[in-house]
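Working notes for the structure below.
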Amino acid sequence: MSHADYYRGVERAQQALAAAPADATAVRRAELVHEAMSGLLAQTSSAGQLACAAGCAHCCHFPVGVTFGEAHLLATAIAADAALRATFVRAAAAAAQRSWHELVGQPCPLLHAGRCGLYPERPLPCRAMASRDADACGAALHGGPTPPLDGEAFWRGLGAAAALAATEPAPGTRELRAATMAVLEHLSAPLEERAAAFLAARAAPAD
């Protein structure tokens, strides 16, 4: 673990959160952290060597954890698209009984034709995941070794996610499908109920 990069991510996220209006919603706080991390995630020593490109979606077949604000951001976007909502609900139901390990290899329900259907709203783990070898990423889906990731971006994203999660009305991280579905089902409910639904969803391993 790169402690320096982790804490750079923590610091950048904390700065964004400190500058947020006092009445900023969880969604807005997540957006502000995403915006603040954009440059930091791109400015790494591996930036010019990355194999990531549109249509490469190996990393979209691994489960990821999201914060409450990120789950809410995704749920709001999904609720506005009837077709996407129907697809997501089916995928979430199909994955409900699978363990975190069993989700490896399963496509993210937001993936469409090799591209993220909600790319602007994607959570921090997706923003921070980058590799120098696309073939190695594909092999990792079938039990191969961990691909050569951009470690600086990875740890900065992890630090930012930890800082964001610590400020939420529902702290910690939860698996994307379960968390987003929980919030989606309670979008019109009071904040306390949405937070409780998020906390009841399947936890990410880091929790």
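Coordinate-derived values only; no laboratory data. Since this is a predicted model, take the numbers as computed values, not measurements. Reconstructed Cβ throughout: ideal geometry from the backbone, glycine too, with neighbour counts over all protein chains shown.
Spin-label point model (7 Å from Cα, Cβ direction): what's the Ala4 to Thr25 distance in nm?
Rounded to a tenth, the inter-label distance reads 4.0 nm.
When a/c is below 1.5 the answer is rounded, else prolate if a/b is larger than b/c, else oblate, so apply that to the range 129-194 with a ≥ b ≥ c taken from the square roots of the Cα gyration tensor eigenvalues.
oblate
For the chain, what does -39500 (n - 2.57) per DSSP helix run (n ≥ 4), summed and divided by total residues, give at 222 nm, in deg cm²/dmol to the nearest 500?
-16000 deg cm²/dmol
Tell me the relative contact order for the chain as a rounded percent, counting alpha carbon contacts under 8 Å between residues six or more apart.
Values: 337 pairs, mean separation 68.8, N = 207.
RCO, the chain: 33 percent.
Return a whole-number percent for the relative contact order of the range 102-153, with Cα pairs under 8 Å and 6 or more residues apart as the contact set.
Across the range 102-153, relative contact order equals 30 percent.
Kirkwood Rh, the range 94-155, all Cα pairs: how many Å?
Taking every pair of different Cα atoms in the range 94-155, averaging 1/r and inverting gives 13.2 Å.
Between the range 181-207 and the range 42-113, how many Å separate their Cα centres?
17 Å
Based on the alpha-carbon gyration tensor of the range 84-207, what equivalent-ellipsoid semi-axes (square roots of 5 times the eigenvalues) come out, in whole Å, largest first?
The answer is 26, 18, 14 Å, longest axis first.
Contact order normalised by length for the range 79-176, with contacts defined as Cα pairs under 8 Å and 6 or more residues apart; what percent is it?
19 percent
Translational diffusion coefficient of the chain at 37 °C, 0.692 mPa s, Stokes-Einstein with Kirkwood Rh over Cα pairs, in µm²/s as a whole number.
191 µm²/s
Largest first and in whole Å, what are the equivalent-ellipsoid semi-axes of the range 27-90 based on the Cα gyration tensor, each being the root of 5 times an eigenvalue?
Numbers: eigenvalues 134, 66, 20 Å².
Output for the range 27-90: semi-axes of 26, 18, 10 Å.
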